[in-house]
Structures are given as C-alpha cells and as structure tokens.
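> Provided herewith is a single structure, encoded as structure tokens, for subsequent inquiry.
The values are calculated or read from the model by the stated rules, or taken from the named source; none is laboratory data. All figures in this text were calculated on a predicted structure; none of them were measured in a lab. Cβ placement follows ideal geometry from the backbone for every residue including glycine, while neighbour counts extend to all protein chains displayed. These accessible areas exclude ligands, DNA and RNA; they are computed on the full protein's heavy atoms, side chains included. Shrake-Rupley method; radii C 1.70, N 1.55, O 1.52, S 1.80 Å.
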Amino acid sequence: MSALHIAGLVKRFGALTATDDLNLSVAENELHAIIGPNGAGKSTLIGQITGEIQPNSGTITMFHTDVTRWSVPQRSLAGLARSFQITQLCQGFTAEDNVALAIQARQGSSFRFFADARKDRRLRDPARAALARVGLADRADRLVEELSHGEKRQLEIAITLAMTPRLILLDEPMAGMSHDESQKIVALLSSLKGTATIVLIEHDMDAVFALADRLSVLVSGRIIATGTAEEIRVNPDVRDAYLGGDA
C-alpha cells in the first residue's frame, strides 16, 4: 500500500520552476529518504506535502486519498506530522509541557485552558510516554532552554510521535548536531522503523544510508533516481549530480 503518492507535481514562483513534474511514491511503513543538493527544491516539496504551499498542478495522495487541496490542519488530522529544519518549541515551558500542548492541539482544545490541563492525565500520560520513547524521560520537567541542541531535536520528534501520525516528515533532524548527538537520533529513528511511514530529508549521508529503506534523489525540482542505498551509490546520474565521482 502506498502511504504517499505524488504525480506530476509542479510549483512555479514566477519564472522559477521549483518543482518540475515531480513523481514520488512512498510505501506504507517505509523509511524513505529524500536527498539532493542545496536549491534542489526539497523545502518546496515538503511545503506542498504538508499543505503550506499549493502546487500549480499535479496531485498528492495520502493513503489513497487525494489531499492536494487540503489545508494543513486537515492533513494533520488525517495523520500527517512534521518536524522542522529549525527547532520550533515553546520557550518557557518544560519538555513535557511542549508535548502535552501538541496533544491538546491535536484534540482541538484551546491553549487558554492549559493551566488546568497540566493536571489532566489524558495529556500528561501520553506526553511522558512519548518522551520516554525518545530517551527524554528524565528531562520531562526541564525547561526547553535548559536542553541541549540534540535534546531539543529529540523533543521535536517526541512531539511528532505524540500526534499519533501515520506519515512523519522529518526535515533535517540532525542539522547542527555533534557526532554523538547524531548517533542518538540515528538509533532513535532506527527504533521507529516499521511503526509509521517516515519521509526523511537529511544531508548526513552516513545517517541516510544507514537508515533508509529507499532513497530518492532530487535535483532541480525533479526526482532523478529512486532505489536502495546501494543502488543510489552506484547510479552514475546520482554520482555526477550530487554524490560526486568518488562517492
């Protein structure tokens, strides 16, 4: 079953074609990485998948439902969750508060009542479970500003998981991390494989090749190749366009 299917996607910004007749299919429960050079159109593609950017033409299907014209909230309610390239967390709140806020928003509740929600086990229990799943159980009561960069990225993934997603978009989750921090995220993502469909945008090729079931290479708004890590490594078009001749 296809979790995500994109056909003939086109997005233009004036004279610039950022997405050029793009086709992509991601299988259910697959970890599918999208790689490509800077300026390839990865952020524009992610924006169209989430609904933040509307394409000029083409279709986006999630679990056999056409969501091309759906809003961001509609796609979220259908099971799409995203983490961002730049960390977006509520400063002044604890790690647990951040996850609980996401759960409350998913349920359609108002943040005005969050003071009372701090005592609501329907929010607190799943929030703590999500934190434990990403290795932050002992950091639940820490303020966001007290967390390391790597822990903040783990927290973002905990928030994503707390949304009970069917399809997860991870936009460079290892950006700005040390080697040790990156290894923690690789181990975390490896543990999540098979539990949900994951689309991973990432520049760390060691992490990508270690994690991905399949990879798609995006260059100038087009997917030029899709395959396993080994197939992508030896693909001559990919070597020339992105990995380099000595990859």
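> Only one residue in E151, E146 is over 17 Å from the mean Cα position of the chain (by Cα), of a type outside the set (A, V, I, L, M, F, W, C) and at pLDDT 90 or above, so which one is that?
The conditions single out E146.
> Further question: Can you report the number of residues in segment 204-225 which are open to solvent by 70 Å² or more (accessible area, probe 1.4 Å) and touching a strand residue (DSSP E or B) at 6+ places or on another chain (Cβ under 8 Å)?
Qualifying residue count, segment 204-225: 3.
> Going through segment 25-61 one residue at a time, which ones are of a type in the set (A, V, I, L, M, F, W, C), open to solvent by 10 Å² or more (accessible area, probe 1.4 Å) and closer than 21 Å to L215 by Cβ?
Across segment 25-61, the qualifying residue is only A27.
> Could you run through segment 132-155 and say how many residues are closer than 22 Å to I35 by Cα and buried (at least 21 other Cβ atoms within 10 Å of the Cβ)?
Result for segment 132-155: 2.
> Assuming I198 fulfils every condition listed in (1) β-branched (V, I, T); (2) touching an Asp or Glu at 6+ places or on another chain (Cβ under 9 Å); (3) surrounded by fewer than 22 Cβ atoms within 10 Å (Cβ to Cβ); (4) within 17 Å of R75 (Cβ to Cβ) apart from one, which condition is it?
(3)
> Could you check, for segment 111-122, whether at least one of its residues is under 20 Å from the mean Cα position of the chain (by Cα), modelled with pLDDT under 95 and either over 17 Å from I168 (Cα atoms) or surrounded by 16 or more Cβ atoms within 10 Å (Cβ to Cβ) (or both)?
No, every residue in segment 111-122 fails to be under 20 Å from the mean Cα position of the chain (by Cα), modelled with pLDDT under 95 and either over 17 Å from I168 (Cα atoms) or surrounded by 16 or more Cβ atoms within 10 Å (Cβ to Cβ) (or both).
> Let me ask something else. Search segment 218-247 for residues that are in a loop (DSSP other than H, G, I, E, B) and pair each with any residue that is at pLDDT below 90 when their beta-carbon atoms are under 6 Å apart and the residues are at least 6 apart or on different chains.
Matching pairs, first to second residue: G245/R239; A247/R239.
> Give just the number: which of (1) open to solvent by less than 50 Å² (accessible area, probe 1.4 Å); (2) more than 16 Å from L31 (Cα to Cα); (3) at pLDDT below 90 does D180 not satisfy?
Going through the list (1) open to solvent by less than 50 Å² (accessible area, probe 1.4 Å); (2) more than 16 Å from L31 (Cα to Cα); (3) at pLDDT below 90, D180 breaks only (1).
> Say whether the condition of being modelled with pLDDT under 90, of a type in the set (K, R) and in a strand (DSSP E or B) is met by at least one residue in segment 70-90.
yes
> Also, quick follow-up: Residues in segment 161-173: is at least one more than 13 Å from the chain's Cα centre (by Cα), more than 28 Å from R124 (Cβ to Cβ) and crowded, with 17+ Cβ neighbours inside 10 Å?
Looking through segment 161-173, none of the residues is more than 13 Å from the chain's Cα centre (by Cα), more than 28 Å from R124 (Cβ to Cβ) and crowded, with 17+ Cβ neighbours inside 10 Å.
> Restricting the search to segment 62-73, which residues are surrounded by fewer than 14 Cβ atoms within 10 Å (Cβ to Cβ) and either aromatic (F, W, Y) or within 17 Å of the chain's Cα centre (by Cα) (or both)?
V72, P73
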